[in-house]
Amino acid sequence: MKVKIAMVLRYVILILGGIIMLMPFLWMLSTSLKTQPETVKIPPIWIPKQLQFSNYIDAFKAAPFAQYFLNSIFVTTVTTVGQLFTSILAAFAFSRLNFYGKNIIFVIFLGTMMVPVEMLIIPNFVTLSKLHLVNTYAALIVPWLASFFTVFTLRQNFQSVPDQLYYAAKIDGASDWHYLWHVLVPISKSTITAVTVLQVIGSWNSFMWPLIVTNSENLRTLPVGLQAFTGDAGTNYAQLMAASTFVILPMVILYLFLQKYIIAGISKTGLKG
Amino acid sequence: MEVTFKDVSLSYDGTREILHHLNFTIPEGTLVSILGPSGCGKSTTLMMISGLLAPTSGKIFFGDKDVTKQDALARKVGMVFQNYALYPHLTVLENIMFPLKMAKVKKPERKKRALELAKLVHVEDQINKKPGALSGGQQQRVAIARALAKEPSLLLLDEPLSNLDARLRIEMREEIRRIQQETGVTTIFVTHDQDEALHISDHIMVLNNGDMQQFSSAETLYDNPSNLFVAKFIGEPVINTLAIADFQGELDQHVPADILKQAVSVGIRPEALQDHDSGDDTIAAIETTVKEFEKYGREKNAQLDFHGKKLLTTEIENTLEKEQKLTLYLQKSGFYLFDQDGKRIFGGDQDVK
């Protein structure tokens, strides 16, 4: 009996937590289908009288979202692939190779994880502007081609692979390069998937940086594009929420498909994303 | 391939030596065990043979060729690790083919060779499974097949049986012996288990604290241990060891006086303590008191007290009572004297080293 009550209580708490987490998403969906007056009505309403699907069409037409989509996809893909490539190489070096100053460099890199991203905005902006890269795709991509978080996560994973596997590969005639890409990477699949998804989501959602380093319309990414609904005359909440819905939809789908890897990958390293 | 170590030493940090001046030759086509307690340097020795580890000083020869500076690949060794180290994302067949792929063998050819090897080690019905789906013994077989794939100059096995249960261990050690004899490849086998070493090897190298203690056949190790360490390490139950001072004149007249003067320790195998005089084979007699007597099946063991020291014998013919006085006869084979450095100076075959 006691066990049963504890069980029920546990589920009640979990369900409540789940509802609270979902609330903003449900509110977004609800608002995206409201008329403009309904969005600001007090007391708030959850289910609009008539579902305004036209908000989605109007929102998509309100700004060049097709271009924004392409930009987001391009930037996210290049950033993620580039970052994975550099991180896998660095993680291999930190976990397997011996070189002078390895531990000191590692500790310094570890230290950079404690610097908040916001603090890096100004120095990074200054660097880019000196390189005349502001307002280019490079500005959106280059600063994110290395991530120590990814390096660290992968290194922890690579280190858990027994040395013998490396020795076996060496004896079998594999080079370090071959071992890395044909043995270590395939067996670290779940961690690599986890950091990939985290990076895709982070890159897809990033707002501050694209806003600062780009000002031409054709370089805008989706989150920045959402500003189109906020003007001097106020915010069109219904259309903003409709646009937000289609902006986050790809990430929701991605997450649903890969959540098993994400959870496994993160719980293994004992780090939060 | 014949392997020769010439004065090979190793130290990791330049000050503390792990292995000291190893000198030995492993004859071609034999199965040799490197045996010793944990931390004696046996796996390290194997790593140096493989080329994964370079010696600090000394030279290593394969046949007449100096391979000291060559890496594992150039030495063409095949190796089986304690945890098998199979590639978990590849199937059994792909695992066996991996070294051939690295050696750029054409695909149909490497598949053919891999299938032959799978047959040799009896895993031909498992070739499409991933290693995770195999039992420990099967993984072990696959690891051996992979190690043999590129027709290695040497097959090296690092504690290959220690992750298997007792029954499988016996089966696999016979398998290793069979595979070695079928292929004729020179095989070096590292183990801490004397039973394993005694059963399958042509020769056994005993290591302790980075020093080679003895390198000979199993029989010689047992009958003619070159020192106290080997005498204590080989043999089950363990040899009785006493100080020479524990004897009160029992050995006088029976052992030459000059040897007796140098002797420090005495080793007596449990089967060399008999309760009857066997004439010429008996060296001396000692008076003991029975402390424990156990009988199970056809085995009879007795724990005895001899001048306050414990002795164990397995050669009792009659049933004994506790606290009973008993005269025991020391047999020639199985009675050894060691000097202050632990070197054998009496007993066994004097000319065998």
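If you average 1/r over all unlike Cα pairs in segment A:102-219 and invert the result, what Kirkwood radius do you get in angstrom?
Details: mean 1/r = 0.0591 Å⁻¹.
The answer is 16.9 Å.
Summarise the partner chain shielding of A:152-162 as one whole number: the mean count of Cβ atoms from other chains within 10 Å of each residue's Cβ.
Values: counts 0, 0, 0, 0, 0, 0, 0, 0, 0, 2, 5.
For this peptide, the per-residue mean of nearby foreign Cβ atoms is 1.
Enter the accessible area per residue of the protein assembly as shown (Å², integer; probe 1.4 Å; all protein chains in place). Don't skip to the answer; put the middle values down first.
Values: 32020 Å² over 626 residues.
With the other protein chains kept in place, the protein assembly as shown gives 51 Å² per residue.
Could you state the principal axis extents of the C-alpha atoms in segment B:160-219, from the largest down, to the nearest angstrom?
30, 27, 19
State the answer as a single residue: which of A:Val151, A:Tyr166, A:Ile212 lies farthest towards the positive end of the charge dipole of segment A:139-237, with beta carbon charges of +1 for Lys and Arg and -1 for Asp and Glu, about the Cα centre.
About the Cα centre, the residue reaching furthest to the positive side is A:Tyr166.
For segment A:63-269, compute the orientation-averaged projected area of the C-alpha convex hull (one quarter of its surface), in nm².
On the way: hull surface 55.9 nm².
Averaged projected area of segment A:63-269's Cα convex hull equals 14.0 nm².
Which one of B:Thr30, B:Asn227, B:Gln214 has its Cα pushed farthest toward the positive end of the charge dipole of segment B:3-228, where Lys and Arg give +1 and Asp and Glu give -1 at the Cβ?
Farthest towards the positive pole: B:Thr30.
Among the helices of chain A (complete DSSP H runs), which have Cα atoms covering no less than 18 Å along the helix axis and a Kyte-Doolittle mean of at least 1.6? The partial results should precede the final answer.
Numbers: long enough: A:2-32 (45 Å, 1.64); A:65-96 (45 Å, 1.07); A:117-130 (20 Å, 1.12); A:189-205 (24 Å, 0.66); A:237-269 (40 Å, 1.30).
Result, helices passing both filters: A:2-32.
Rg to Rh ratio, segment B:237-346, alpha-carbon atoms and Kirkwood radius? Display every interim value, and only then the final one.
Values: Rg = 13.7 Å, Rh = 14.2 Å.
Rounded to two decimals, Rg/Rh equals 0.96.
If you place +1 on the Cβ of every Lys and Arg, -1 on the Cβ of every Asp and Glu, and leave all else neutral, what size is the dipole of segment B:3-228 about its Cα centre, to the nearest 20 Debye? The partial results should precede the final answer.
Numbers: 27 positive and 27 negative charges, 273 e Å.
In debye, rounded to 20, segment B:3-228 gives about 1320.
Could you run the numbers on buried accessible area between A and B, total for both chains, 1.4 angstrom probe, in Å² to the nearest 100?
Separately minus together, A and B give about 1500 Å² buried.
Take every residue in peptide B:97-106, count the Cβ atoms of other chains within 10 Å of its Cβ, and give the average of those counts.
On the way: counts 0, 8, 6, 2, 5, 8, 2, 1, 0, 0.
That works out to 3 on average.
Whenever you get a sec, compute what percent of the accessible area on segment B:3-228 sits on carbon and sulfur atoms (1.4 Å probe). Display every interim value, and only then the final one.
Details: 4570 of 9310 Å².
Its accessible area is 49 percent carbon and sulfur atoms.
Chymotrypsin sites (Phe, Trp or Tyr not before Pro), restricted to segment A:173-273: which are DSSP loop and have at most 16 other Cβ atoms within 10 Å?
On the way: sites: A:Trp177, A:Tyr179, A:Trp181, A:Trp204, A:Phe207, A:Phe229, A:Tyr237, A:Phe246, A:Tyr255, A:Phe257, A:Tyr261; in loops: A:Phe207.
Those that pass, being in a loop and sparsely packed, are A:Phe207.
Hey, got a sec? Which trypsin sites (Lys or Arg not before Pro) in segment B:224-325 land in a DSSP loop and have at most 11 other Cβ atoms within 10 Å?
Here the trypsin sites (Lys or Arg not before Pro) that fit, given the DSSP loop and packing criteria, are B:Arg298, B:Lys322.
Report, in order of residue number, the helices in chain B meeting two criteria: a C-alpha extent of 15 Å or more along the helix axis, and a mean Kyte-Doolittle hydropathy of at least -0.5; treat each whole DSSP H run as one helix. Please report the intermediate quantities before stating the final value.
Details: long enough: B:92-102 (16 Å, 0.95); B:107-120 (20 Å, -1.30); B:136-148 (18 Å, -0.18); B:166-183 (26 Å, -1.29).
Those that pass (Cα extent of 15 Å or more, hydropathy at least -0.5) are B:92-102, B:136-148.
Share of chain A's accessible area from carbon and sulfur, percent, 1.4 Å?
Numbers: 11240 of 15680 Å².
Carbon-and-sulfur percentage of accessible area, whole number: 72.
How about segment A:172-199: which of its residues lose at least 20 Å² of accessible area in the presence of all protein chains relative to their chain isolated, using a 1.4 Å probe?
A:Asp172, A:Gly173, A:His178, A:His182, A:Val183, A:Pro186, A:Ile187
Where q = 0.14, 0.18 Å⁻¹, what log10 of I(q)/I(0) comes from the Debye formula for segment A:194-262, counting one point per Cα?
Treating every Cα as an identical point scatterer, log10 I(q)/I(0) equals -0.52, -0.78.
Nothing charged except the Cβ atoms of Lys and Arg (+1) and of Asp and Glu (-1): what's the magnitude of the dipole of the protein assembly as shown about its Cα centre? Round to the nearest 20 debye. Mind showing how you got there, number by number?
On the way: 59 positive and 59 negative charges, 881 e Å.
That gives a dipole near 4220 debye.
Out of the total accessible area of segment B:237-346 (probe 1.4 Å, heavy atoms of protein only), what percent is carbon and sulfur? Please list the in-between numbers first.
Values: 2570 of 5930 Å².
Answer for segment B:237-346: carbon and sulfur cover 43 percent of the accessible area.
Between Rg and the Kirkwood Rh of chain B, both from Cα atoms, what is the Rg to Rh ratio? The partial results should precede the final answer.
Numbers: Rg = 24.3 Å, Rh = 22.7 Å.
Rg divided by Rh gives 1.07.
Are there trypsin sites (Lys or Arg not before Pro) in segment A:48-100 that DSSP puts in a loop and that have at most 14 other Cβ atoms within 10 Å, and which ones?
Passing both the DSSP loop test and the Cβ count: A:Lys49.
Cα atoms only: what Rg and Dmax, in Å, come out for segment A:1-42?
When restricted to the Cα atoms of segment A:1-42, Rg and Dmax are 16.7, 52 Å.
Quantify how much of the Cα-Cα distance distribution of the protein assembly as shown extends past 40 Å, in percent. Each step should come with its number before you reach the end.
Details: 105330 of 195625 pairs.
Within the protein assembly as shown, distances greater than 40 Å cover 54 percent of Cα pairs.
Lysines within cross-link reach of B:Lys69: Cα-Cα under 27 Å, excluding same-chain residues under 8 positions apart?
Result set, ordered by chain and number: A:Lys102, A:Lys170, B:Lys6, B:Lys42, B:Lys59, B:Lys101, B:Lys104, B:Lys150.
Three principal axis extents, largest first, for the C-alpha atoms of segment A:69-146, in Å?
Projected onto its principal axes, the Cα set of segment A:69-146 covers 41, 25, 21 Å.
Quick one: which bits of segment B:80-94 get at least 20 Å² less accessible when the partner protein chains are in, versus the chain alone, with a 1.4 Å probe?
Listed by number, the residues meeting the 20 Å² cut-off are B:Phe81, B:Asn83, B:Ala85, B:Tyr87, B:Pro88, B:His89.
Hey, got the Cα dimensions of segment B:147-283 along the principal axes, in Å, largest first?
Extents along the principal axes: 62, 31, 26 Å.
Give the Kirkwood hydrodynamic radius (Å, one decimal) of segment B:113-177, defined as one over the mean of 1/r across all pairs of different Cα atoms.
Numbers: mean 1/r = 0.0817 Å⁻¹.
Hydrodynamic radius (Kirkwood, Cα only) of segment B:113-177 equals 12.2 Å.
The values are calculated or read from the model by the stated rules, or taken from the named source; none is laboratory data. Computed from a predicted model, the values in this text were never measured in an experiment. Positions of Cβ are generated from backbone atoms using ideal geometry, with glycine treated the same way; all protein chains shown enter the neighbour counts. For accessibility, only protein heavy atoms count, side chains too; no ligands or nucleic acids. Shrake-Rupley method; radii C 1.70, N 1.55, O 1.52, S 1.80 Å.
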